[in-house]
1. Under 5 Å between amide hydrogens, which residues at least 5 positions from B:D61 or on another chain qualify, with H placed 1.01 Å from N in the peptide plane?
2. Going through the cross-link list A:K93/B:K224; B:K164/B:K202; A:K130/B:K269; A:K130/B:K154; A:K130/A:K225, which pairs have a Cα-Cα distance over 23 Å in this structure?
3. Cα axis of helix A:239-266 to longest principal axis of chain A: angle in degrees, 0 to 90, nearest 10?
4. Hey, could you get me the Stokes-Einstein D for the protein assembly as shown, Kirkwood radius over alpha-carbon pairs, 25 °C and 0.890 mPa s, rounded to whole µm² s⁻¹?
5. Where does the charge balance sit around B:D107 when Lys and Arg score +1, Asp and Glu -1, over other residues with C-beta under 14 Å from its C-beta?
6. Considering only DSSP states other than H, G, I, E and B, which trypsin sites (Lys or Arg not before Pro) in the range A:217-282 qualify as loop sites with at most 16 other Cβ atoms within 10 Å?
7. Which of these, B:M229, B:M209, B:M118, has the largest mean-square fluctuation under a Gaussian network model of chain B (Cα springs below 10 Å)?
8. Need one value: the accessible area of B:V260 in square angstrom, 1.4 angstrom probe, rounded to the nearest 10.
Amino acid sequence: MQTNSRRYSVLSYCLAALLMLYASYLLPRLLPGDFVTAMYSSSQVTLNAEQEQELKAFYTQEDGFGGYLLDFFRLSWGHSYAFLEPVSSLILKALPWTLLLMGGAHLFSMLAGFVAGVETAWRRGGTAEKAGVGLMTVLQGIPELGTGVLLLLVFALHLGWFPASGAETAYADQSPVRQVLDVLQHLILPFSTLFLAYFPGNFLLTRGSMVMILKSRFLETARAKGLPPLRVRYAHAARNALLPLVTRFGLRLAFMLTGALVVETLFAYPGLGTLLFNAIAMRDLPLVQGIVLFSSLLVLLVNLALEAVYIRLDPRMKHAS
Amino acid sequence: MHRELGRRLIRDPWFLTGAVLMFLFAFLLAARPWLTAFDPHDMRFQPLSPPSAEHWLGVNDGGMDIFAELLKGLGNTLAFGLLAAGVSLLFGVGAGLACAWFRGLLDVLLMRIAEVLMAIPAVMILILMAAFFRPSPLFLALVLAALTWPSIAKVIRAQTLVLKGRLHIGAARQMGASSLYILRRHLLPELFPLYCIGFASKARMAIFMEASLSFLGLFDPGRKSLGMMISQALEYYYLDIWWSWLLPPILCLSLLIMCVTFLAVSLEKVFDPRLKEAL
């Protein structure tokens, strides 16, 4: 199977993580001369002399890459001069929102895409299937930026059904139930944008692999044994369609990050993406660096977890290794 | 073999739609000097004026003609995408062919590098570079290409390994053909369908990246781009000229990505026999 050859080793992930850390260590040191002054002169943030010295010291530490690594694991990622807070606390505050938005969108789009793909493949033929596949292919061509702006214009600004920005109503002392509803109401537009971006791919891939699988002989056996159709469909057939889905998720996660960044920024959702956008806009270098590094390592971690999931899903992998 | 595939391709509605869109964009870009007389950087018009016979899509907040801006942005976005995709393809094909043909240490080494690169989120490296160095778009396109070649290399390598075992390659080798000759005359042309698929999918990714990064403000603010136009127009969404300012770049970007997506989907469908029946 081609999917098996795409599996990576733990070593690759460790190397990738080290490479990211090293790039983040090296890049500021490659810059010529007094880049701190130059960079912050064009920024809205004004540093006083003491802060400037601190920042320069942060970038010219002489304890080498080892010291940098140690600092990284101690969560001392520098100080944000735009938000006047340590970088690590800013990131950890934004992280739950990103996990809620991205995790939710991925989970739902995967589940929905999987079920829809399996069911469509099961009932092959007919105009409904053709129309569905056509629509999904078109939808696949619309970037998050396009759907997001349209949803924002129509549902938030024109109709006013949903809030246009933020993740919760500020300073509202509400009961827990109201609070959850409030969060959901803020979530729905960015969530829908991401859902619309992820769903078509999951659907098309599941359907494609399912059509192939449905031709296998072992399904005939399962049916001949008299197993109920639902069991044949999901326990026997669809299980195989899950594998390419997991593989695709891992391969595209890094790419999908870009879309999530745009969506968060667009809806001013207070996650890592918006934080990164603000940090870039204000040229807050330690913060940019911290977020980039943190989220890259997070992506690597998710990919590593996926490997474990994959081995669990595919018993052949266990025997192969 | 390829000629028959080409005929099937032309009959595919997705390919036709994609090709029509592509010609439309090519025409828009080629005819730019005749379509608009304005320089997109010219700032002397009445800011925020609605569309008129002179300014087809009106004027933005900085007093620049939006239609001229749109065409320039479209060109920049497209150029970034095509360049990144082209260089990525070049790297990928070179690495994939070399790995499959020479095997040994080179194969192990390059494939290991490929795995590491595939695990790294390219966008994060681009953001880091853009934030620290403020490099030219050209440089960023090259960095993107340097980060995204592995997936092409893997496909090319796998297919080359299959081809390598075929009889006609063995026959060519028997007749005393050199490695270089076989690579150039047999393998390179035979892998042609894979180049198309790889190029289309990389172009899609790169265009999407460029739009997103420029939307986030990572490029030089003087450089026109669809993403930047969207982010500027969004600030004035409440004015009723949004449909002539905000909508055109969004439509352009969506159609552009759709065009490349359709081409990629269609190419993959026609060229990949495994998918023939699935779609």
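1. Sorted by chain and number, the residues that satisfy this are B:L48.
2. Numbers: A:K93/B:K224 35 Å; B:K164/B:K202 26 Å; A:K130/B:K269 15 Å; A:K130/B:K154 32 Å; A:K130/A:K225 32 Å.
Exceeds cut-off: A:K93/B:K224; B:K164/B:K202; A:K130/B:K154; A:K130/A:K225.
3. The two axes meet at around 40 degrees.
4. For the chosen part, D equals 94 µm²/s.
5. Numbers: positive: B:R103, B:R112, B:K154, B:R157, B:K164; negative: B:E115.
Counting the neighbours of B:D107, the net charge comes to +4.
6. A:K225
7. Maximum among the listed residues: B:M118.
8. Spelled out: B:V260, probe radius 1.4 Å, area about 20 Å².
The values are calculated or read from the model by the stated rules, or taken from the named source; none is laboratory data. Quick caveat: nothing in here was measured; it's all calculated off a predicted structure. Ideal geometry is used to build each Cβ from the backbone, glycine not excepted, and the neighbour counts take in all protein chains shown. To get the accessible areas, we keep the full protein, side chains included, count just its heavy atoms, and leave off ligands, DNA and RNA. Shrake-Rupley method; radii C 1.70, N 1.55, O 1.52, S 1.80 Å.
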